[in-house]
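Engineer: One structure follows; several queries about it will come next.
The values are calculated or read from the model by the stated rules, or taken from the named source; none is laboratory data. What you see is a predicted model; the values in this text were computed from it and never measured. Cβ sites come from the backbone with ideal geometry, for glycine too, and all protein chains shown count toward neighbours. For accessibility, only protein heavy atoms count, side chains too; no ligands or nucleic acids. Shrake-Rupley method; radii C 1.70, N 1.55, O 1.52, S 1.80 Å.
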Amino acid sequence: MKTYDWIVVGAGITGAALAYELAKQGLHVLLLEKEKNPHSATYYSYGGVAYWSGSTPLTRQLCQESKHILGNLSQELDGETEYRELNLVLTIPQDRDPETIRQNYANCLNPPDYLTVEKAIELEPLLNCNEIAGVLTVAHGHIHAQKTTRAYLQAFLRLGGTIAIEPVLNLLRQNERIIGVITAKNTYQSENTVICAGAFSRSFLETNNISIPLYFSHAQVIKTPPLNIRLRSLVMPAVLQRLEIEAQARQPEKESDGTLPNSNVMAAITEPGAIQFLDGNFYLGQVSQIITDASMIPDLTQSETEIRSQIAKILPQLANVPGTCHHCLVAFSDPSRPLVGKIENLGGIHLFSGFTSPLAYAPPLARHFATWATQGNDQVIDQFSAIG
Ligand SMILES: Cc1cc2nc3c(=O)[nH]c(=O)nc-3n(C[C@H](O)[C@H](O)[C@H](O)COP(=O)(O)OP(=O)(O)OC[C@H]3O[C@@H](n4cnc5c(N)ncnc54)[C@H](O)[C@@H]3O)c2cc1C
């Protein structure tokens, strides 16, 4: 039986980027994905690349690398990424003090600037001037996450990589080492395995008695057909409640809820956000809810109503456009600690998941990971301790 150098589990943007970078180093790589056309977090991503946001020496370095990598990626992969730069517009609620909110971003590599309501409307005419106390704005990268993933996968295949559409059911274990994976059809052997299964990574590893500090939320978003309305920027709230509920879900008392089968860890929140892609279609969002049952299907009619009522306040012309509501799972972990590297006390098994701003951090981290995989060390990956 063939033994691969690496098996990568999951072909969202993290798995696709990592499989490509490993293959680029000359390694024999098998990428296993459970669905032919996954409607995953990558599929529903707004595509924003927050390469202005790094606030530590490490994240600032990665942001700078990300800007460089994504700027050249379409050419490198010989595929479409739709990379561009646009304005990120962070809306400030009327009852909040803009200066206090601006201070929350003060440590960023490029802190956003405050614009008055009048200037904000000049920048983004679809905004409702009656609902905001101004905006923060900064130059933001933008890609089409699904097309970028596809470009990574096609380049991976051209490098001799192998893709199989087979759900990975289990890990193949020999004493204290993982030596491959088991699918419904096959057993595959490898020197190393890396889990890039997004929100499914935690439950997958739990079935193998490996517990990791990874969590997930249920996200709901409206996808529209191409529309004649033009949104110039990526619009999001300046204060993201989503980050607050994620932080609460990671608290020790909530962490125990996280292991219960159908625990409603945090109630649903709705935050008005919008992006228009180059082909004219929009994603309007988003409802976020932390429920531990990954198979739970939310009430999409109710979610759609909530999203439209929030959008009506901030971007009224988009409130009643045609579109349908969809659902996916989004992984998250402690923002200061993406889950990158070896899993503690077990050989041959690694994790690459749980990033905040994954579209900014996954491409450079995948490159560092591949250097680390071939050379045994890397100045970025060496800064992360084993996961456990
Ligand atoms: C509405 C929305 C907007 C967003 N906007 C942004 C943004 O602007 N900027 C940003 O940086 N991030 C954004 N995100 C988050 C970001 O898109 C995701 O976190 C990221 O795409 C996740 O990528 P992933 O590869 O880790 O996981 P996923 O995209 O979830 O991919 C995981 C893959 O693993 C596969 N898989 C799972 N289990 C198995 C198994 N057992 N065997 C084989 N395959 C398996 C799944 O089918 C899936 O294809 C957004 C997310 C949403 C939902």
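Engineer: Out of curiosity, is Ala155 among the small types (Gly, Ala, Ser), open to solvent by 40 Å² or more (accessible area, probe 1.4 Å), touching a residue at least 12 places away in the same chain (Cβ under 8 Å) and more than 10 Å from the ligand (Cβ to nearest atom)? Let's see the steps before the verdict.
Structural biologist: Values: among the small types (Gly, Ala, Ser): yes; open to solvent by 40 Å² or more (accessible area, probe 1.4 Å): no; touching a residue at least 12 places away in the same chain (Cβ under 8 Å): yes; more than 10 Å from the ligand (Cβ to nearest atom): yes.
No; evaluated as a whole, the condition is false for this residue.
Engineer: Would you pick out the residues in the range 114-123 that are closer than 13 Å to Val138 by Cα and not hydrophobic (A, V, I, L, M, F, W, C)? Please lay out each step first, then the result.
Structural biologist: Filtering the range 114-123 for residues closer than 13 Å to Val138 by Cα gives 114-115, 120, 123.
Correct list: Tyr114 only.
Engineer: Looking only at strands (runs of 3 or more DSSP E) that fall completely inside the range 296-388, which ones have 2 or more residues that are more than 16 Å from the ligand (Cβ to nearest atom) and either basic (Lys, Arg) or in contact with a His (Cβ under 6 Å, 6 or more places away or on another chain) (or both)?
Structural biologist: Numbers: elements: 324-332, 339-342, 349-353.
Output list is empty.
Engineer: Hey, another quick one. Of the residues Val194, Val221, only one is part of a strand (DSSP E or B), within 21 Å of the chain's Cα centre (by Cα) and farther than 19 Å from Ala294 by Cβ; which?
Structural biologist: That would be Val194, the only listed residue that is part of a strand (DSSP E or B), within 21 Å of the chain's Cα centre (by Cα) and farther than 19 Å from Ala294 by Cβ.
Engineer: Same structure, new question: Name the one entry in Leu32, Leu70 that is at pLDDT 95 or above, in a strand (DSSP E or B), more than 19 Å from Trp372 (Cβ to Cβ) and touching a Pro at 6+ places or on another chain (Cβ under 9 Å).
Structural biologist: Working: Leu70 fails: in a strand (DSSP E or B).
Just a single option satisfies the conditions, and that option is Leu32.
Engineer: Right, next: Mind checking which residues of the range 1-54 are touching a Leu at 6+ places or on another chain (Cβ under 7 Å), within 7 Å of the ligand (Cβ to nearest atom) and within 24 Å of Asp279 (Cβ to Cβ)?
Structural biologist: Ala11, Ile13, Ala41, Ser45, Tyr46, Gly47, Gly48, Val49
Engineer: From Ala199, Ala219, Ala247, grab the single residue that is surrounded by 22 or more Cβ atoms within 10 Å (Cβ to Cβ) and in the same structural domain as Pro98 (by TED's automatic domain parsing). Let's see the steps before the verdict.
Structural biologist: Details: Ala199 fails: in the same structural domain as Pro98 (by TED's automatic domain parsing); Ala247 fails: surrounded by 22 or more Cβ atoms within 10 Å (Cβ to Cβ).
Every option except Ala219 fails the conditions.
Engineer: Another question, then. When you look at Leu27, is it at pLDDT below 95 and open to solvent by 30 Å² or more (accessible area, probe 1.4 Å), yes or no?
Structural biologist: no
Engineer: For the range 362-388, name all the residues that are open to solvent by less than 50 Å² (accessible area, probe 1.4 Å), out of contact with any Ser or Thr (no Cβ under 7 Å at 6 or more places or on another chain) and not small (Gly, Ala, Ser).
Structural biologist: Passing the criteria: Leu365, His368, Phe369, Thr371, Trp372, Val380, Ile381, Phe384, Ile387.
Engineer: Just checking, which of Lys147, Lys185 is away from the ligand (no atom under 12 Å from the Cβ), surrounded by fewer than 13 Cβ atoms within 10 Å (Cβ to Cβ) and not in a strand (DSSP E or B)?
Structural biologist: Working: Lys147 fails: surrounded by fewer than 13 Cβ atoms within 10 Å (Cβ to Cβ).
Lys185 is the lone residue from the list that is away from the ligand (no atom under 12 Å from the Cβ), surrounded by fewer than 13 Cβ atoms within 10 Å (Cβ to Cβ) and not in a strand (DSSP E or B).
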